[in-house]
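Remarks on the structure that follows.
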Amino acid sequence: MSDNTHTVSDYLIGRLQSIGIDHAFGVPGDYNLDFLDRVMSSSLQWVGNCNELNAGYAADGYARLRGAGVAMVTYAVGGYSVLNAVAGAYAEQVPLIVVSGAPAMGRRKSNALVHHVANRHETQWEIFQKLTVDSALLADAESAPALIDRVLASCVSLKRPVYLELPMDVAKMPCAKPSTPKPAVPRRASNAQHLEACMADVVARLDAAKRPAVLVGTEVSRFHLGRDALELVERIELPFAVTVSAKGCMPELHPQCVGVYQGGLSADSARKQIEEADLLIELGVWRTDWDTGLYTAAIDPSRSVRANLGAVQAGEAVHADVQLEDFMYALASRATPRDYRQSHPVRPSAHAARPEVVPNRALKATHLYQRVEHFLDDSMVLVADVGDILCAVAEMQIEEPDNFVMQGYYMSIGYATPAGVGVSIARPDKRAVILAGDGAFQMTAQEVSTLVRHRCSAIVILLNNDGYLIERYLHEDGRYNDIQPWRYADLPRVFGDDVLAYRVATEGELDQALAAARSASGKPVFIEAVVGRDPSEALRRMGETYQRNYKKP
(Lines give C-alpha, C1' and ligand atoms only; values in the text may rest on other atoms or scores of the structure.)
Protein backbone atom coordinates (compact mmCIF):
# COMPACT_ATOMS: atom_id res chain seq x y z
CA MET A 1 0.00 0.00 0.00
CA SER A 2 1.32 3.44 -0.94
CA ASP A 3 1.90 6.00 1.81
CA ASN A 4 -0.37 8.29 -0.22
CA THR A 5 -3.34 5.94 0.18
CA HIS A 6 -6.09 7.41 2.36
CA THR A 7 -6.77 4.89 5.12
CA VAL A 8 -9.26 4.45 7.94
CA SER A 9 -6.55 5.77 10.26
CA ASP A 10 -6.21 8.90 8.12
CA TYR A 11 -9.95 9.43 8.12
CA LEU A 12 -10.13 9.22 11.89
CA ILE A 13 -7.14 11.52 12.40
CA GLY A 14 -8.61 14.10 10.05
CA ARG A 15 -11.95 14.02 11.79
CA LEU A 16 -10.32 14.47 15.21
CA GLN A 17 -8.54 17.55 13.88
CA SER A 18 -11.75 18.88 12.35
CA ILE A 19 -13.38 19.12 15.80
CA GLY A 20 -10.47 21.11 17.21
CA ILE A 21 -8.11 18.42 18.51
CA ASP A 22 -4.45 19.18 17.76
CA HIS A 23 -2.83 16.77 20.26
CA ALA A 24 -3.29 13.10 21.12
CA PHE A 25 -2.41 11.60 24.49
CA GLY A 26 -1.65 7.95 24.99
CA VAL A 27 0.62 4.94 25.26
CA PRO A 28 1.78 2.70 22.38
CA GLY A 29 1.11 -1.02 22.19
CA ASP A 30 1.35 -3.57 19.43
CA TYR A 31 -2.35 -3.33 18.57
CA ASN A 32 -2.22 0.42 17.85
CA LEU A 33 1.26 0.84 16.35
CA ASP A 34 0.14 0.97 12.71
CA PHE A 35 -2.41 3.61 13.65
CA LEU A 36 0.20 5.59 15.59
CA ASP A 37 2.50 5.52 12.56
CA ARG A 38 -0.20 7.47 10.69
CA VAL A 39 -0.57 9.82 13.66
CA MET A 40 3.16 10.54 13.55
CA SER A 41 3.04 11.28 9.81
CA SER A 42 0.11 13.69 10.30
CA SER A 43 0.05 17.17 11.84
CA LEU A 44 -1.63 15.77 14.95
CA GLN A 45 0.89 16.11 17.77
CA TRP A 46 1.60 13.04 19.89
CA VAL A 47 2.00 13.38 23.66
CA GLY A 48 3.17 10.12 25.18
CA ASN A 49 2.15 9.53 28.79
CA CYS A 50 3.56 7.24 31.45
CA ASN A 51 0.46 5.07 31.58
CA GLU A 52 -3.02 4.93 30.08
CA LEU A 53 -4.86 6.23 33.15
CA ASN A 54 -2.70 9.34 33.09
CA ALA A 55 -3.32 9.69 29.35
CA GLY A 56 -7.05 9.70 30.06
CA TYR A 57 -6.71 12.35 32.76
CA ALA A 58 -4.51 14.46 30.48
CA ALA A 59 -7.02 14.22 27.63
CA ASP A 60 -9.76 15.18 30.11
CA GLY A 61 -7.88 18.33 31.17
CA TYR A 62 -7.24 19.15 27.51
CA ALA A 63 -10.91 18.64 26.62
CA ARG A 64 -12.15 21.03 29.29
CA LEU A 65 -10.25 23.89 27.63
CA ARG A 66 -10.36 22.85 23.97
CA GLY A 67 -13.82 21.30 23.54
CA ALA A 68 -12.66 17.68 23.13
CA GLY A 69 -9.65 15.49 23.88
CA VAL A 70 -8.43 12.07 22.75
CA ALA A 71 -6.58 9.23 24.47
CA MET A 72 -5.06 6.51 22.25
CA VAL A 73 -4.39 3.14 23.86
CA THR A 74 -3.79 -0.48 23.01
CA TYR A 75 -6.26 -3.29 23.55
CA ALA A 76 -7.33 -4.52 27.03
CA VAL A 77 -4.20 -3.82 29.08
CA GLY A 78 -4.43 -0.23 27.88
CA GLY A 79 -8.18 -0.02 27.50
CA TYR A 80 -9.00 -1.23 30.99
CA SER A 81 -6.34 1.03 32.47
CA VAL A 82 -7.89 4.18 31.00
CA LEU A 83 -11.37 3.19 32.14
CA ASN A 84 -11.36 5.15 35.41
CA ALA A 85 -10.58 8.36 33.54
CA VAL A 86 -13.48 7.61 31.19
CA ALA A 87 -15.80 7.08 34.15
CA GLY A 88 -14.76 10.46 35.54
CA ALA A 89 -15.35 12.13 32.18
CA TYR A 90 -18.80 10.57 31.96
CA ALA A 91 -19.74 11.70 35.47
CA GLU A 92 -18.45 15.23 34.84
CA GLN A 93 -19.72 15.67 31.25
CA VAL A 94 -16.33 15.93 29.59
CA PRO A 95 -15.99 15.20 25.82
CA LEU A 96 -13.25 12.56 25.98
CA ILE A 97 -12.58 10.24 23.01
CA VAL A 98 -10.87 6.88 23.52
CA VAL A 99 -9.35 5.19 20.47
CA SER A 100 -8.27 1.65 21.26
CA GLY A 101 -6.28 -0.57 18.96
CA ALA A 102 -7.53 -4.15 18.79
CA PRO A 103 -6.69 -7.57 17.35
CA ALA A 104 -7.27 -8.00 13.63
CA MET A 105 -10.83 -8.82 12.53
CA GLY A 106 -9.75 -12.24 11.27
CA ARG A 107 -8.50 -13.15 14.73
CA ARG A 108 -11.68 -11.81 16.30
CA LYS A 109 -13.97 -13.79 13.97
CA SER A 110 -12.12 -17.04 14.68
CA ASN A 111 -12.12 -16.26 18.41
CA ALA A 112 -8.38 -16.84 18.49
CA LEU A 113 -6.65 -16.84 21.90
CA VAL A 114 -4.44 -13.84 21.25
CA HIS A 115 -2.58 -11.94 23.97
CA HIS A 116 -4.36 -9.31 26.08
CA VAL A 117 -7.81 -10.84 25.49
CA ALA A 118 -9.81 -11.11 28.71
CA ASN A 119 -12.89 -13.29 28.56
CA ARG A 120 -14.01 -12.58 24.96
CA HIS A 121 -12.87 -10.26 22.16
CA GLU A 122 -16.07 -8.22 22.62
CA THR A 123 -15.69 -7.72 26.36
CA GLN A 124 -13.79 -4.42 26.24
CA TRP A 125 -16.28 -2.82 23.86
CA GLU A 126 -19.19 -4.04 25.99
CA ILE A 127 -17.65 -2.53 29.14
CA PHE A 128 -17.02 0.82 27.49
CA GLN A 129 -20.65 0.96 26.37
CA LYS A 130 -21.59 1.35 30.04
CA LEU A 131 -19.50 4.51 30.45
CA THR A 132 -19.83 6.26 27.09
CA VAL A 133 -22.68 7.94 25.21
CA ASP A 134 -21.70 6.31 21.91
CA SER A 135 -19.23 3.68 20.73
CA ALA A 136 -18.37 1.66 17.66
CA LEU A 137 -16.25 -1.22 16.47
CA LEU A 138 -14.67 -0.15 13.18
CA ALA A 139 -14.98 -3.57 11.59
CA ASP A 140 -14.43 -2.58 7.95
CA ALA A 141 -13.37 0.35 5.79
CA GLU A 142 -16.77 0.78 4.15
CA SER A 143 -18.75 1.47 7.33
CA ALA A 144 -15.95 3.14 9.31
CA PRO A 145 -16.42 6.75 8.07
CA ALA A 146 -20.10 6.92 9.00
CA LEU A 147 -19.45 5.31 12.38
CA ILE A 148 -16.58 7.69 13.13
CA ASP A 149 -18.70 10.71 12.23
CA ARG A 150 -21.62 9.53 14.34
CA VAL A 151 -19.54 8.80 17.41
CA LEU A 152 -17.59 12.07 17.27
CA ALA A 153 -20.80 14.05 16.77
CA SER A 154 -22.24 12.39 19.88
CA CYS A 155 -19.15 13.35 21.85
CA VAL A 156 -19.27 17.00 20.82
CA SER A 157 -23.03 17.45 21.21
CA LEU A 158 -23.54 15.54 24.46
CA LYS A 159 -20.21 16.51 26.11
CA ARG A 160 -19.53 12.99 27.32
CA PRO A 161 -16.96 10.31 26.47
CA VAL A 162 -17.12 8.02 23.44
CA TYR A 163 -15.20 4.92 22.38
CA LEU A 164 -13.81 3.74 19.04
CA GLU A 165 -12.25 0.31 18.68
CA LEU A 166 -9.88 0.06 15.70
CA PRO A 167 -8.64 -3.43 14.71
CA MET A 168 -5.05 -3.35 13.52
CA ASP A 169 -5.87 -4.64 10.03
CA VAL A 170 -8.74 -2.17 9.51
CA ALA A 171 -6.46 0.72 10.50
CA LYS A 172 -4.46 0.16 7.27
CA MET A 173 -7.41 -0.37 4.90
CA PRO A 174 -8.01 2.18 2.09
CA CYS A 175 -10.92 4.44 2.92
CA ALA A 176 -13.00 7.13 1.22
CA LYS A 177 -12.06 10.70 2.07
CA PRO A 178 -14.51 12.92 3.99
CA SER A 179 -17.25 14.56 1.97
CA THR A 180 -17.85 17.35 4.50
CA PRO A 181 -15.41 19.57 6.45
CA LYS A 182 -16.36 18.03 9.80
CA PRO A 183 -18.91 15.62 11.30
CA ALA A 184 -22.41 17.08 11.40
CA VAL A 185 -23.33 17.89 15.02
CA PRO A 186 -27.07 18.16 15.62
CA ARG A 187 -28.16 21.28 17.51
CA ARG A 188 -30.24 20.83 20.61
CA ALA A 189 -33.51 22.57 19.73
CA SER A 190 -36.29 23.70 22.06
CA ASN A 191 -39.95 23.18 21.35
CA ALA A 192 -41.08 26.70 20.44
CA GLN A 193 -44.49 26.42 22.13
CA HIS A 194 -42.99 24.94 25.28
CA LEU A 195 -40.37 27.68 25.40
CA GLU A 196 -43.06 30.35 25.04
CA ALA A 197 -45.11 28.84 27.88
CA CYS A 198 -41.99 28.55 30.01
CA MET A 199 -41.14 32.21 29.49
CA ALA A 200 -44.63 33.36 30.39
CA ASP A 201 -44.43 31.37 33.62
CA VAL A 202 -40.88 32.30 34.65
CA VAL A 203 -41.05 35.99 33.69
CA ALA A 204 -44.24 36.39 35.76
CA ARG A 205 -42.54 34.77 38.74
CA LEU A 206 -39.45 36.94 38.31
CA ASP A 207 -41.37 40.19 37.96
CA ALA A 208 -43.27 39.40 41.17
CA ALA A 209 -40.12 38.57 43.15
CA LYS A 210 -38.53 41.07 45.52
CA ARG A 211 -35.24 39.25 46.24
CA PRO A 212 -34.43 37.02 43.26
CA ALA A 213 -31.01 35.45 42.72
CA VAL A 214 -29.25 33.11 40.29
CA LEU A 215 -27.25 29.97 41.05
CA VAL A 216 -24.92 28.81 38.25
CA GLY A 217 -24.13 25.10 38.09
CA THR A 218 -22.29 22.27 36.40
CA GLU A 219 -23.99 22.24 33.01
CA VAL A 220 -23.16 25.90 32.39
CA SER A 221 -19.51 25.03 32.90
CA ARG A 222 -19.44 21.80 30.87
CA PHE A 223 -21.34 23.21 27.89
CA HIS A 224 -19.31 26.45 27.91
CA LEU A 225 -22.38 28.61 28.52
CA GLY A 226 -20.70 30.97 30.97
CA ARG A 227 -20.92 33.94 28.61
CA ASP A 228 -24.66 33.34 28.17
CA ALA A 229 -25.16 33.12 31.93
CA LEU A 230 -23.14 36.29 32.48
CA GLU A 231 -25.16 38.14 29.85
CA LEU A 232 -28.34 37.06 31.60
CA VAL A 233 -27.36 38.22 35.10
CA GLU A 234 -25.91 41.49 33.78
CA ARG A 235 -28.95 42.20 31.62
CA ILE A 236 -31.42 41.69 34.47
CA GLU A 237 -28.93 42.79 37.16
CA LEU A 238 -29.38 39.85 39.52
CA PRO A 239 -26.97 38.67 42.21
CA PHE A 240 -25.46 35.27 41.44
CA ALA A 241 -23.42 32.52 43.03
CA VAL A 242 -21.74 29.46 41.54
CA THR A 243 -21.65 25.89 42.79
CA VAL A 244 -18.29 24.26 43.51
CA SER A 245 -18.41 22.10 40.38
CA ALA A 246 -19.11 25.17 38.24
CA LYS A 247 -16.31 27.21 39.77
CA GLY A 248 -14.30 28.99 37.12
CA CYS A 249 -17.07 29.39 34.56
CA MET A 250 -18.08 32.85 35.86
CA PRO A 251 -15.91 35.78 37.05
CA GLU A 252 -15.95 35.56 40.83
CA LEU A 253 -14.78 39.14 41.33
CA HIS A 254 -17.76 40.43 39.37
CA PRO A 255 -19.68 43.00 41.49
CA GLN A 256 -22.86 40.90 41.26
CA CYS A 257 -21.15 37.67 42.36
CA VAL A 258 -21.79 36.74 46.00
CA GLY A 259 -19.34 33.82 45.91
CA VAL A 260 -19.55 30.05 45.92
CA TYR A 261 -22.70 28.44 47.28
CA GLN A 262 -22.19 25.08 48.99
CA GLY A 263 -25.10 24.76 51.38
CA GLY A 264 -24.14 25.04 55.04
CA LEU A 265 -20.45 25.10 54.11
CA SER A 266 -20.86 28.43 52.30
CA ALA A 267 -19.77 31.82 53.52
CA ASP A 268 -22.68 33.54 55.25
CA SER A 269 -23.07 36.16 52.52
CA ALA A 270 -23.50 33.57 49.77
CA ARG A 271 -25.68 31.28 51.86
CA LYS A 272 -28.12 34.03 52.87
CA GLN A 273 -28.31 35.48 49.36
CA ILE A 274 -29.24 32.12 47.85
CA GLU A 275 -31.35 30.57 50.60
CA GLU A 276 -33.31 33.75 51.39
CA ALA A 277 -34.10 34.53 47.74
CA ASP A 278 -37.83 34.60 47.11
CA LEU A 279 -37.09 33.28 43.62
CA LEU A 280 -33.93 31.29 42.86
CA ILE A 281 -33.13 30.65 39.20
CA GLU A 282 -30.87 27.59 39.00
CA LEU A 283 -28.92 27.36 35.75
CA GLY A 284 -27.61 23.86 35.02
CA VAL A 285 -27.32 22.98 38.71
CA TRP A 286 -26.74 19.41 39.85
CA ARG A 287 -27.68 18.95 43.51
CA THR A 288 -24.83 16.58 44.28
CA ASP A 289 -23.67 15.87 47.82
CA TRP A 290 -20.61 18.09 47.37
CA ASP A 291 -22.35 21.02 45.67
CA THR A 292 -25.04 21.02 48.38
CA GLY A 293 -22.51 20.98 51.22
CA LEU A 294 -23.22 17.34 52.07
CA TYR A 295 -26.97 17.94 51.67
CA THR A 296 -27.06 20.97 53.97
CA ALA A 297 -28.54 23.25 51.28
CA ALA A 298 -31.80 24.89 52.35
CA ILE A 299 -33.53 25.79 49.08
CA ASP A 300 -37.31 25.90 48.98
CA PRO A 301 -38.44 24.03 45.81
CA SER A 302 -41.59 26.16 45.59
CA ARG A 303 -39.41 29.26 45.16
CA SER A 304 -37.01 27.72 42.65
CA VAL A 305 -36.80 27.64 38.86
CA ARG A 306 -34.51 24.79 37.80
CA ALA A 307 -33.28 25.09 34.20
CA ASN A 308 -31.30 22.10 32.99
CA LEU A 309 -30.47 20.51 29.66
CA GLY A 310 -33.80 19.70 28.03
CA ALA A 311 -36.28 20.85 30.69
CA VAL A 312 -37.20 23.66 33.09
CA GLN A 313 -39.02 23.09 36.37
CA ALA A 314 -40.71 26.12 37.91
CA GLY A 315 -42.20 25.16 41.24
CA GLU A 316 -44.31 22.11 40.40
CA ALA A 317 -44.66 23.00 36.71
CA VAL A 318 -42.38 21.19 34.27
CA HIS A 319 -41.63 22.65 30.84
CA ALA A 320 -40.18 19.83 28.76
CA ASP A 321 -38.11 20.19 25.58
CA VAL A 322 -36.65 23.56 26.63
CA GLN A 323 -32.89 23.83 26.21
CA LEU A 324 -30.77 25.62 28.77
CA GLU A 325 -29.12 28.02 26.31
CA ASP A 326 -32.50 28.96 24.77
CA PHE A 327 -33.93 29.53 28.24
CA MET A 328 -31.12 31.91 29.20
CA TYR A 329 -31.29 33.86 25.94
CA ALA A 330 -35.08 34.22 26.05
CA LEU A 331 -35.13 35.20 29.72
CA ALA A 332 -32.42 37.82 29.22
CA SER A 333 -34.43 39.43 26.43
CA ARG A 334 -37.88 39.31 28.09
CA ALA A 335 -37.42 39.83 31.83
CA THR A 336 -37.65 43.34 33.23
CA PRO A 337 -34.20 44.66 34.21
CA ARG A 338 -33.61 45.64 37.83
CA ASP A 339 -31.14 47.96 39.55
CA TYR A 340 -28.91 45.59 41.45
CA ARG A 341 -26.92 48.35 43.12
CA GLN A 342 -29.93 49.88 44.87
CA SER A 343 -30.81 46.73 46.76
CA HIS A 344 -27.53 44.89 47.18
CA PRO A 345 -24.06 45.97 48.31
CA VAL A 346 -21.45 45.95 45.57
CA ARG A 347 -18.60 43.58 46.32
CA PRO A 348 -15.13 45.08 45.95
CA SER A 349 -13.61 43.87 42.67
CA ALA A 350 -10.23 42.97 44.14
CA HIS A 351 -8.63 39.99 45.78
CA ALA A 352 -8.20 39.92 49.53
CA ALA A 353 -5.02 41.54 50.76
CA ARG A 354 -1.87 39.54 50.47
CA PRO A 355 -1.32 37.64 53.72
CA GLU A 356 1.38 38.90 56.05
CA VAL A 357 4.62 36.92 55.69
CA VAL A 358 6.72 36.15 58.75
CA PRO A 359 9.82 34.67 57.13
CA ASN A 360 10.74 32.13 59.82
CA ARG A 361 7.21 31.14 60.80
CA ALA A 362 6.33 27.51 60.11
CA LEU A 363 4.13 27.11 57.04
CA LYS A 364 0.48 26.30 57.72
CA ALA A 365 -2.22 25.22 55.28
CA THR A 366 -4.33 28.36 55.62
CA HIS A 367 -1.39 30.63 54.83
CA LEU A 368 -0.41 28.45 51.87
CA TYR A 369 -3.86 28.64 50.30
CA GLN A 370 -4.13 32.38 50.87
CA ARG A 371 -0.70 32.92 49.38
CA VAL A 372 -1.44 30.75 46.35
CA GLU A 373 -4.69 32.65 45.75
CA HIS A 374 -2.78 35.92 45.78
CA PHE A 375 -0.08 34.44 43.53
CA LEU A 376 -2.52 33.42 40.79
CA ASP A 377 -3.18 35.83 37.95
CA ASP A 378 -5.16 35.78 34.73
CA SER A 379 -2.31 34.10 32.85
CA MET A 380 -2.64 30.96 35.01
CA VAL A 381 -5.04 28.02 35.21
CA LEU A 382 -5.43 26.45 38.65
CA VAL A 383 -5.72 22.65 38.46
CA ALA A 384 -6.83 21.26 41.82
CA ASP A 385 -6.79 17.72 43.15
CA VAL A 386 -9.01 16.01 45.71
CA GLY A 387 -8.45 16.18 49.48
CA ASP A 388 -8.00 19.19 51.71
CA ILE A 389 -7.34 21.11 48.49
CA LEU A 390 -10.85 20.36 47.26
CA CYS A 391 -12.27 22.06 50.34
CA ALA A 392 -9.92 25.03 50.37
CA VAL A 393 -10.08 26.02 46.69
CA ALA A 394 -13.84 26.53 46.92
CA GLU A 395 -13.06 29.70 48.86
CA MET A 396 -10.46 31.00 46.41
CA GLN A 397 -11.62 33.69 44.01
CA ILE A 398 -11.08 32.88 40.33
CA GLU A 399 -11.61 35.96 38.19
CA GLU A 400 -11.36 34.88 34.56
CA PRO A 401 -13.57 32.08 33.17
CA ASP A 402 -11.80 28.83 32.24
CA ASN A 403 -8.96 29.49 34.69
CA PHE A 404 -9.94 26.63 36.99
CA VAL A 405 -10.04 22.84 36.48
CA MET A 406 -11.12 20.30 39.09
CA GLN A 407 -13.08 17.06 39.33
CA GLY A 408 -15.77 18.46 41.60
CA TYR A 409 -18.13 15.50 41.36
CA TYR A 410 -16.32 12.27 40.47
CA MET A 411 -13.33 13.25 42.64
CA SER A 412 -10.71 10.75 41.53
CA ILE A 413 -7.62 11.19 43.64
CA GLY A 414 -4.50 11.82 41.55
CA TYR A 415 -6.37 13.62 38.76
CA ALA A 416 -4.61 16.99 38.92
CA THR A 417 -1.02 16.22 37.88
CA PRO A 418 -1.83 14.47 34.57
CA ALA A 419 -4.77 16.82 33.95
CA GLY A 420 -2.27 19.63 34.34
CA VAL A 421 -0.32 18.11 31.47
CA GLY A 422 -3.43 18.34 29.30
CA VAL A 423 -4.10 21.91 30.39
CA SER A 424 -0.48 22.90 29.64
CA ILE A 425 -0.64 21.38 26.15
CA ALA A 426 -4.10 22.80 25.43
CA ARG A 427 -3.20 26.36 26.45
CA PRO A 428 0.54 26.99 26.06
CA ASP A 429 -0.20 30.70 26.45
CA LYS A 430 -1.17 30.05 30.07
CA ARG A 431 0.62 28.41 33.00
CA ALA A 432 -0.99 25.49 34.75
CA VAL A 433 -0.65 25.76 38.52
CA ILE A 434 -1.15 22.22 39.78
CA LEU A 435 -2.15 21.90 43.42
CA ALA A 436 -1.95 18.31 44.70
CA GLY A 437 -1.66 16.63 48.07
CA ASP A 438 1.03 14.07 48.78
CA GLY A 439 -1.43 11.16 48.76
CA ALA A 440 -2.86 12.18 45.40
CA PHE A 441 0.56 12.91 43.96
CA GLN A 442 1.89 9.45 44.76
CA MET A 443 -0.80 8.00 42.46
CA THR A 444 0.22 9.86 39.31
CA ALA A 445 3.63 11.36 40.07
CA GLN A 446 5.14 10.01 36.83
CA GLU A 447 3.46 12.73 34.77
CA VAL A 448 5.93 15.30 36.06
CA SER A 449 8.27 13.62 33.59
CA THR A 450 5.83 14.45 30.75
CA LEU A 451 5.84 18.09 31.87
CA VAL A 452 9.64 18.02 31.74
CA ARG A 453 9.79 16.29 28.36
CA HIS A 454 7.46 18.80 26.71
CA ARG A 455 9.03 21.77 28.49
CA CYS A 456 5.71 22.82 29.96
CA SER A 457 5.99 25.85 32.20
CA ALA A 458 3.60 24.38 34.75
CA ILE A 459 4.04 25.05 38.46
CA VAL A 460 3.42 22.00 40.64
CA ILE A 461 2.71 22.83 44.28
CA LEU A 462 2.83 19.65 46.31
CA LEU A 463 0.99 19.96 49.63
CA ASN A 464 2.87 17.63 51.96
CA ASN A 465 0.39 17.05 54.77
CA ASP A 466 1.58 13.57 55.74
CA GLY A 467 -0.89 11.20 54.12
CA TYR A 468 -4.60 11.15 53.45
CA LEU A 469 -5.53 14.15 55.57
CA ILE A 470 -9.12 14.44 54.37
CA GLU A 471 -9.82 10.84 55.38
CA ARG A 472 -8.50 11.61 58.86
CA TYR A 473 -11.28 14.22 59.19
CA LEU A 474 -14.05 12.13 57.63
CA HIS A 475 -13.57 9.16 59.95
CA GLU A 476 -11.67 8.12 63.03
CA ASP A 477 -8.05 8.10 61.95
CA GLY A 478 -6.37 4.81 61.11
CA ARG A 479 -2.99 3.62 59.93
CA TYR A 480 -4.45 3.14 56.44
CA ASN A 481 -4.17 6.92 56.05
CA ASP A 482 -0.40 6.82 56.41
CA ILE A 483 1.83 6.72 53.33
CA GLN A 484 5.55 6.40 52.79
CA PRO A 485 7.09 9.87 53.09
CA TRP A 486 8.98 10.61 49.87
CA ARG A 487 11.70 13.18 49.40
CA TYR A 488 9.38 14.94 46.97
CA ALA A 489 11.64 17.86 46.10
CA ASP A 490 14.36 15.43 45.03
CA LEU A 491 12.05 13.49 42.73
CA PRO A 492 11.97 15.87 39.72
CA ARG A 493 15.72 15.39 39.25
CA VAL A 494 15.01 11.77 38.37
CA PHE A 495 12.96 12.98 35.41
CA GLY A 496 15.60 15.35 34.02
CA ASP A 497 17.74 18.36 34.76
CA ASP A 498 15.46 20.93 33.11
CA VAL A 499 13.22 21.54 36.13
CA LEU A 500 13.40 23.77 39.18
CA ALA A 501 12.56 22.11 42.51
CA TYR A 502 12.16 23.56 46.00
CA ARG A 503 11.25 22.28 49.45
CA VAL A 504 9.66 24.94 51.66
CA ALA A 505 8.64 24.71 55.29
CA THR A 506 8.37 28.39 56.28
CA GLU A 507 6.40 31.36 54.98
CA GLY A 508 9.58 33.04 53.80
CA GLU A 509 10.76 29.99 51.88
CA LEU A 510 7.37 29.75 50.16
CA ASP A 511 7.57 33.38 49.09
CA GLN A 512 11.03 32.87 47.64
CA ALA A 513 9.97 29.74 45.75
CA LEU A 514 6.87 31.44 44.29
CA ALA A 515 8.98 34.40 43.18
CA ALA A 516 11.40 32.04 41.43
CA ALA A 517 8.50 30.18 39.83
CA ARG A 518 6.98 33.37 38.46
CA SER A 519 10.22 34.39 36.77
CA ALA A 520 11.00 30.92 35.35
CA SER A 521 9.89 30.13 31.81
CA GLY A 522 10.05 27.21 29.42
CA LYS A 523 10.39 24.63 32.18
CA PRO A 524 8.29 23.21 34.99
CA VAL A 525 8.72 24.32 38.60
CA PHE A 526 8.10 21.95 41.51
CA ILE A 527 7.46 23.21 45.05
CA GLU A 528 7.08 20.82 47.96
CA ALA A 529 5.22 22.72 50.69
CA VAL A 530 5.51 21.01 54.07
CA VAL A 531 2.54 21.79 56.34
CA GLY A 532 2.24 18.59 58.35
CA ARG A 533 -1.24 17.48 59.38
CA ASP A 534 -2.50 21.04 59.58
CA PRO A 535 -5.85 21.34 57.72
CA SER A 536 -7.57 24.26 56.08
CA GLU A 537 -10.47 25.81 57.96
CA ALA A 538 -12.73 24.59 55.14
CA LEU A 539 -11.69 20.98 55.81
CA ARG A 540 -12.37 21.40 59.52
CA ARG A 541 -15.91 22.59 58.79
CA MET A 542 -16.51 19.90 56.20
CA GLY A 543 -15.26 17.16 58.54
CA GLU A 544 -17.58 18.32 61.31
CA THR A 545 -20.53 18.44 58.90
CA TYR A 546 -19.71 15.01 57.52
CA GLN A 547 -19.48 13.43 60.95
CA ARG A 548 -22.68 15.15 62.12
CA ASN A 549 -24.94 14.71 59.09
CA TYR A 550 -23.59 12.68 56.20
CA LYS A 551 -22.67 9.48 58.03
CA LYS A 552 -26.17 9.01 59.40
CA PRO A 553 -27.82 5.73 58.28
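The values are calculated or read from the model by the stated rules, or taken from the named source; none is laboratory data. Just so we're clear, the structure is a prediction, and the values are computed from it rather than from any experiment. A quick note on method: Cβ atoms are made from the backbone with ideal geometry, for glycine too, and the neighbour counts reach across all protein chains shown. Surface accessibility is based on the protein's heavy atoms, side chains included, excluding ligands, DNA and RNA. Shrake-Rupley method; radii C 1.70, N 1.55, O 1.52, S 1.80 Å.
Some notes on this structure:
- Condition check for ILE461 on (1) within 18 Å of VAL386 (Cα to Cα); (2) touching a strand residue (DSSP E or B) at 6+ places or on another chain (Cβ under 8 Å); (3) of a type outside the set (Phe, Trp, Tyr); (4) surrounded by fewer than 21 Cβ atoms within 10 Å (Cβ to Cβ): one failure, at (4).
- Top-ranked residue in segment 398-408 [being over 24 Å from GLN442 (Cβ atoms) and not hydrophobic (A, V, I, L, M, F, W, C); ranked as surrounded by the most Cβ atoms within 10 Å (Cβ to Cβ)]: ASN403
- The listed residues are ALA63, ALA76, ALA68, ALA59, and the only one of them that is open to solvent by less than 10 Å² (accessible area, probe 1.4 Å) and within 19 Å of ARG455 (Cα to Cα) turns out to be ALA59.
- Within segment 167-194, the set of residues being in a helix (DSSP H, G or I) and either open to solvent by 30 Å² or more (accessible area, probe 1.4 Å) or free of Cβ contacts under 8 Å to residues at least 40 places away in the same chain (or both) comprises LYS172, ALA192, GLN193, HIS194.
- Lone unmet requirement of (1) assigned to a helix (DSSP H, G or I); (2) in contact with a helix residue (DSSP H, G or I) (Cβ under 9 Å, 6 or more places away or on another chain) for ALA146: (2)
- Only a single criterion out of (1) touching an Asp or Glu at 6+ places or on another chain (Cβ under 7 Å); (2) open to solvent by 10 Å² or more (accessible area, probe 1.4 Å); (3) farther than 20 Å from LEU65 by Cα is not satisfied by GLU395, namely (1).
- For segment 117-143, the set of residues classified as in a helix (DSSP H, G or I), surrounded by fewer than 20 Cβ atoms within 10 Å (Cβ to Cβ) and either of a type in the set (Asp, Glu) or within 25 Å of the chain's Cα centre (by Cα) (or both) consists of TRP125, GLU126, ILE127, GLN129, listed by residue number.
- Within segment 16-74, the set of residues being part of a loop (DSSP other than H, G, I, E, B) and among the charged types (D, E, K, R) comprises ASP22, ASP30.
- For segment 383-390, the criterion of being without any contact (Cβ under 8 Å) to a residue 60 or more places away in the chain and crowded, with 23+ Cβ neighbours inside 10 Å is met by at least one residue.
- For GLY48, the requirement of being closer than 20 Å to TYR415 by Cβ and either in contact (Cβ under 8 Å) with a residue 24 or more places away in the chain or buried (at least 16 other Cβ atoms within 10 Å of the Cβ) (or both) is met.
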